[in-house]
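Quick notes on the structure that follows.
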Amino acid sequence: RSWNRLSEMYEATAESMRSVHGECISMPAQVLSKLIVQLHPADEFITKAQAKIIDWNCAMDSDAVAPTIYSAFRIKLLKRFVEHLVGPLCEVMFTATGRGAPRHLGELATLMATLVKTDDNAMLPSGKTWHSMAADAFTEAVSSLKERFGDDMDGWIWGTVHRTFPKHPLSDLFPHFKKQLDPPAVGMGGDGDTPLAAGFSSGKPFDVTLLSVLRYVYDTADWDNSGWAVPLGVSGHPASAHYADQSD
């Protein structure tokens, strides 16, 4: 949808470009969610989770439940795909939270979406299809969410479970000042595949570990109408009023 908006935007305004920065339609979700829609679950709770996806527009909105269900499903499906390719290394890749393995998983996740879109089963285990793997992955995903967040599915809101946890470099050294040093956590929409970037690691879902460093909107006809924002704020001093005043 983002691409369509840009190609049809003949008279862009500062406000319309702010909207593009906030776009949270997930293109991979538009592909992978179709696997969920085509399932025939026998379990009533799984069916209820499927209904959330059927009614979903693939926007990773912070106030929606479907993004949480989709994100858990994507991790479980990706793990089944990667396990066949790398064997025992799979567990290491999916528990890592640094900048190495998760980035590799991001590349494989992109490949997975491409293969699903073209219904290419060549890289799957013998006798498996994306549809057969999706059934097991979705069941496991919903079960894991139920175990972690409880059986009130309406409480699995994306902005509640998908949050930033910024940490000051000194807060571990001075735990008594942790509350003052660490900026406030913020619930986020979007994910690692949307212009509203808020990615997370498979090793620690769904804590936000990737954000846009800086967002600009320039109005070349009226420079005073331009705007910009950074995660948190422009001051690195915890006592400053500008330490985290741009979080919203």
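The values are calculated or read from the model by the stated rules, or taken from the named source; none is laboratory data. Given the structure is predicted, the values throughout are model-derived calculations rather than measurements. Neighbour counts run over all protein chains shown; Cβ positions are idealised from the backbone, glycine included. These area figures cover heavy atoms from the full protein model, side chains too; ligands, DNA and RNA do not enter into them. Shrake-Rupley method; radii C 1.70, N 1.55, O 1.52, S 1.80 Å.
A few notes on this one:
- Average 1/r across all pairs of distinct alpha carbons in region 97-184, invert it, and you get the Kirkwood radius: 17.1 Å.
- Contact order normalised by residue count of the chain, Cα under 8 Å, 6+ apart, percent: 22
- Solvent-accessible surface ranking, highest first, for TYR218, TYR10, TYR70 at 1.4 angstrom: TYR10, TYR218, TYR70
- In the chain, helices alone account for a calculated mean residue ellipticity at 222 nm of -13500 deg cm²/dmol, with every DSSP H run of four or more residues adding -39,500 (n - 2.57).
- Taking label points 7 Å from Cα along the Cα-to-Cβ direction, LYS128 and THR160 give a separation of 3.3 nm.
- Bins of 10 Å, starting at 0 and running to the largest distance - Cα pair percent for region 1-82: 16, 41, 27, 13, 4, 0
- Potential extension, SER247-THR114 segment - 0.36 nm per residue separation minus Cα distance: 44.5 nm
- Extension gain, VAL213 to ASP43, is 56.9 nm, computed as 0.36 nm per intervening residue step minus the present C-alpha separation.
- Surface per residue (accessible, 1.4 Å probe) for region 93-248, Å²: 58
- Cα gyration tensor category, rounded, prolate or oblate, for region 188-248 with a/c compared to 1.5: oblate
- On Cα atoms only, tilt of 44-54 relative to the major axis of the chain in degrees: 60
- Counting only DSSP beta bridges whose two residues both lie in the chain, roughly 90 percent are antiparallel.
- Whole-percent carbon and sulfur share, accessible surface of region 12-97, 1.4 Å: 56
- The translational diffusion coefficient of the chain, from Stokes-Einstein at 37 °C and 0.692 mPa s with a Kirkwood hydrodynamic radius over alpha carbon pairs, comes to 166 µm²/s.
- Once the Cα atoms are used to define both axes, helix 101-117 deviates from the longest principal axis of the chain by about 60 degrees.
- Between region 141-209 and region 220-243, the alpha-carbon center distance in angstrom: 23
- Using a Förster distance of 45 Å, the FRET efficiency for ASP222-GLU107 (Cβ separation, nearest 0.05): 0.65
- Tilt relative to the chain, helix 66-86 - C-alpha long axis, 0 to 90 degrees, to 10: 60
- Which listed pairs, of LYS52/LYS128; LYS34/LYS79; LYS79/LYS178, have C-alpha distances above 28 Å, in listed order: LYS79/LYS178
- Within the listed set THR209, THR160, THR95, the residue fluctuating most in the Gaussian network model of the chain (springs between alpha-carbon atoms under 10 angstrom) is THR95.
- Computed from the C-beta positions of ALA239 and ASP172 and an R0 of 30 Å, the FRET efficiency is 0.95 to the nearest 0.05.
- Chain lengthening between GLU147 and GLU11 when straightened (0.36 nm per residue, less Cα-Cα): 44.1 nm
- Whole-percent carbon and sulfur share, accessible surface of region 164-248, 1.4 Å: 60
- Overall Cα dimensions of region 1-138, principal axis frame, Å, largest first: 52, 39, 28
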